[in-house]
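Asker: Please see the structure below; I have some questions.
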Amino acid sequence: MNPKSSHRVFPILFFTVLLGGLLIRCQSQQSLQQTIDTNFSVAADQYRHMMELLPDDRFPQNYDYNTGEMETSGSGWWCSGFYPGTLFYLYEETGAEDLYNEATRILSHLEKEQHNTSTHDLGFMMYCSFGNAHRINPKPEYREILINSAKSLSTRFNPTVGCIKSWDSDPDDFLVIIDNMMNLELLFWATEATGDSSFYDIAVTHANTTIENHFREDTSSWHVLNYDPDTGEIQEKRTAQGYSDESAWSRGQSWGLYGFTVTYRETGDKKYLRQAEGIANFLLNHPNLPEDKIPYWDYNAPNIPDAKRDASAGAIMASGLLELSQYASPEDSATYFATAETIIRTLSTDEYMANVGTNGGFILKHSVGSKPADSEVDVAITYADYYFVEAMRRYQDLTVE
Ligand code: GLY
């Protein structure tokens, strides 16, 4: 080509390609929105099916599609808030009163956990449930329950360590897991609700200690840190649910990504944004993250590509990335958004999404609870559903005018 004419042709070509790209993106957003609309209706029917299967005072935990067995739990299990939380989300998407009524019915069985000081999981249990209930329909009793839950969670904070204790164990140990970042949102809410900054101080101190100690050079995280409760010294860095002490357990990485994104939203402190971006960039550039963006259960699982996938890690990552895309630079934002889009698209396929009337009423298949314990391996699991529905809601909020 004559260099002079290429001078004129190049801008035309450039803008044609750009316009074409934008058009394709618009069309693909449109079709994913249609898929999501269908997904909400399928999910609502699935949860109606689950309602029929569930004993009155029990909470859905998992469903093994190989054996056809559904496992349920009492209100004290860390996952008890996800069932009402998912029902509230689906009620908001569909307007179906039966879903709202079922969510509020089960809250009466969960309420007592506001006084539970034996777990760090009160954020999951109480904020995903009562937090959504209060957001949709504010009531003094919901507010009270949430504040009591935040107080119970705060009893587990040790100022010498600078963290909230995750798991109770030997008195000489103080175990903190990366998942604990997810419980801070309840404390941020309680700060706003009460004006009591001690909740905020605990949350921020926990996040700072976690940045300091829980991350490797490459911004992947250890799962479990064991501190000396009297001195705050680190005694051990190890895994519980990952492949090895030095591996990157997938759901843990997703919890960290989501948790630091929330901490940035609630504090406006850029160091938490940088941490969330560091985690996102570690995950998105990882050679073992598959093309369809659903992680293997551990980024260092030994038998990749034959290792089990963890739909829950994908769903949490999608929801976290969609929020992070609102705060990141335009270039990173586009990558985070596109990855979340791919995850939602993949989870919407028959491979991951169950047909109505199957799968114990759970929406998604193929999550992994704890591979080392051979527990909940390749099953439907309640938190995968919650974060999948949340991710789709966030996607709709960002794309539908
Ligand atoms: N917080 C426990 C888990 O993610 O399995």
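Asker: How many residues, within the range 92-120, are closer than 15 Å to residue 82 by Cα and in contact with an Asp or Glu (Cβ under 8 Å, 6 or more places away or on another chain)?
Answerer: Residues that pass the stated criteria total 1.
Asker: Whether any residue in the range 238-261 is without any contact (Cβ under 8 Å) to a residue 24 or more places away in the chain, assigned to a strand (DSSP E or B) and closer than 21 Å to residue 371 by Cα is what I want to check.
Answerer: Scanning the range 238-261, I find at least one residue that is without any contact (Cβ under 8 Å) to a residue 24 or more places away in the chain, assigned to a strand (DSSP E or B) and closer than 21 Å to residue 371 by Cα, so the answer is yes.
Asker: Out of (1) surrounded by fewer than 20 Cβ atoms within 10 Å (Cβ to Cβ); (2) in a helix (DSSP H, G or I), what's the single condition that is false for residue 203?
Answerer: (1)
Asker: Can you spot a residue in the range 365-373 that is away from the ligand (no atom under 12 Å from the Cβ), closer than 26 Å to residue 240 by Cβ and crowded, with 18+ Cβ neighbours inside 10 Å?
Answerer: Yes, the range 365-373 contains at least one residue that is away from the ligand (no atom under 12 Å from the Cβ), closer than 26 Å to residue 240 by Cβ and crowded, with 18+ Cβ neighbours inside 10 Å.
Asker: Okay, next question. Restricting attention to the range 166-183, which residues are assigned to a loop (DSSP other than H, G, I, E, B), more than 10 Å from the ligand (Cβ to nearest atom) and either touching a residue at least 60 places away in the same chain (Cβ under 8 Å) or under 19 Å from the mean Cα position of the chain (by Cα) (or both)?
Answerer: If the condition is that a residue be assigned to a loop (DSSP other than H, G, I, E, B), more than 10 Å from the ligand (Cβ to nearest atom) and either touching a residue at least 60 places away in the same chain (Cβ under 8 Å) or under 19 Å from the mean Cα position of the chain (by Cα) (or both), then 173 is the only one that fits.
Asker: Moving to a separate point now. What are the residue pairs meeting all of these: first residue in the range 140-154, first residue outside any helix (DSSP H, G or I), second residue modelled with pLDDT of 95 or more and buried (at least 18 other Cβ atoms within 10 Å of the Cβ), Cβ atoms under 6 Å, and 6 or more apart or on different chains?
Answerer: Pairs that qualify, where the first residue is outside any helix (DSSP H, G or I) and the partner is modelled with pLDDT of 95 or more and buried (at least 18 other Cβ atoms within 10 Å of the Cβ): there are none.
Asker: A follow-up question, please. Among what's in the range 69-86 and is under 16 Å from the mean Cα position of the chain (by Cα) and within 14 Å of the ligand (Cβ to nearest atom), pick the residue that is surrounded by the most Cβ atoms within 10 Å (Cβ to Cβ).
Answerer: Among those residues, the one meeting the criterion is 81.
Asker: Please go through the range 114-149 and pick out each residue that is hydrophobic (A, V, I, L, M, F, W, C) and more than 16 Å from the ligand (Cβ to nearest atom).
Answerer: 130, 133, 136, 145, 146, 147
Asker: Here's a follow-up. Only one residue in 313, 373, 380, 391 is touching a Pro at 6+ places or on another chain (Cβ under 6 Å) and either outside any loop (DSSP other than H, G, I, E, B) or in contact (Cβ under 8 Å) with a residue 24 or more places away in the chain (or both). Which one?
Answerer: Residue meeting the stated conditions: 313.
The values are calculated or read from the model by the stated rules, or taken from the named source; none is laboratory data. Computed from a predicted model, the values in this text were never measured in an experiment. Neighbour counts are summed over all protein chains in view; Cβ atoms, including those assigned to glycine, are modelled from backbone coordinates with ideal geometry.
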